[in-house]
1. Report the net charge of residues surrounding residue 169, where surrounding means a beta-carbon distance below 13 angstrom and charges are Lys +1, Arg +1, Asp -1, Glu -1.
2. So what's the back-of-envelope 222 nm ellipticity for the chain, counting only DSSP H runs of four-plus at -39500 (n - 2.57) apiece and dividing by all residues, rounded to 500?
3. Net charge within 14 Å of residue 89 by Cβ-Cβ distance, Lys/Arg positive one each and Asp/Glu negative one each, not counting residue 89 itself?
4. What do you get for the angle between helix 31-49 and the principal long axis of the chain? Use alpha-carbon atoms, 0 to 90 degrees, nearest ten.
5. What is the sum of charges, Lys and Arg at +1 and Asp and Glu at -1, for the other residues whose Cβ falls under 13 Å from the Cβ of residue 112?
6. Between the DSSP loop rule and a limit of at most 11 other Cβ atoms within 10 Å, which chymotrypsin sites (Phe, Trp or Tyr not before Pro) in the stretch 76-105 are left?
7. Can you tell me the 0 to 90 degree angle between the C-alpha axis of helix 202-250 and the longest principal axis of the chain, rounded to 10?
8. For the stretch 147-230, what's the relative contact order in percent, using C-alpha pairs closer than 8 Å and at least 6 residues apart?
Amino acid sequence: MEHVKKINAWLFLPVLFAAKLWAAIYKGNTGPWNLAIMVTCALLLLLYAERHTVMRSIVWQGVLFISYIALVLYILFALGLRGKELSFVKSLIPYNLLPMFLINSFGAAVLEEIMFRKLLLRSLLKRMRPIYAIFLSSLIFYLCHFSIMATIIVSGIFYASIALRWNSLLLAIGMHTIYNFLGNMAISVSQVSVTIAGGLNAYQVLRGAASLSHFTFIVGYFTMIFAFDIVSGCVTKIKTRNKNRRACVAN
C-alpha cells in the first residue's frame, strides 16, 4: 500500500473516465486493451481512495456485501432462474462477455462513486448540512445519467449515506458493481422474448432481480441502522443515568 500512497492516483481519474466513455460509445466492445486500462485505473483509484479506511469498517462492509450477494442469488432463484432456466440464460450470454460486463460495471462504479460520493459530496458537506449535501449530490447523480428513472435518486441517497456512515466507498462500489453487472447482462438478452419462468423473459428476470434485491436491501439496511441507533441511544442514556446515580450516592 505504501507505493500507492507515494503517487497522486487522482491523475488516473480522467484516464478512467476516457476509458469508460470509449466503452460506452462502442457498447463495451472495445477490446482487451481498453478493459485492461479501465480495471487498472479503477483498482489504483480504489486503493488510493481507501488508504485510510480502518479494518473494522472494511470487515463490516464485507459482511453487508456478502449479505447483499446472498439476497441477489435468493431473489434470482425465487424469480425462477434455476435448473433449465439458468442453463437457457447461460446459453444466451457468451462466457467471453462476462469479464467485459464485470470490468465495465466495476469501472463505472468506481468512477461514479469517487466523483459523486468522494469528491462532490465531500465538497458539498463543507458548504451545507449533511442532509442537503446528500440530496443535492444524489440529484446531480440522477441528472448525469440522463434517465427518467427516479429510482436513481434513491440509489444515490443510499450510496451517499453508507459512504458517510462507514467513511468508505467499498460497500457502495460493491453494490453498484453488482447492480450494473446484472443490468448489463439483462441488456444483452433484451431481444430474446422467450418466457422462462412465471411469464417473465430473461431480461425481466435479470432486471427485476437487480432492482428488487437492490431496494429490498436498502429498506432492510435503513431499518436495521435505525433500530441499532435507537437501541444504542437507549443504552447510552441508561448508562449515563446509572453513572449519575452512583455519583449522587457517593456524594
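Since every read-out is calculated from the coordinates, none of them should be taken as a lab result. What you see is a predicted model; the values in this text were computed from it and never measured. With ideal geometry, Cβ positions are generated from the backbone for all residues, glycine too; neighbour counts draw on all protein chains shown.
1. Cβ neighbours under 13 Å give a net charge of +2.
2. -25500 deg cm²/dmol
3. Net charge in that neighbourhood comes out at +3.
4. The two axes meet at around 0 degrees.
5. Combined, the nearby Lys, Arg, Asp and Glu give +2.
6. Counting only loop positions with at most 11 other Cβ atoms within 10 Å, the chymotrypsin sites (Phe, Trp or Tyr not before Pro) in the stretch 76-105 are 95.
7. 10 degrees
8. 20 percent
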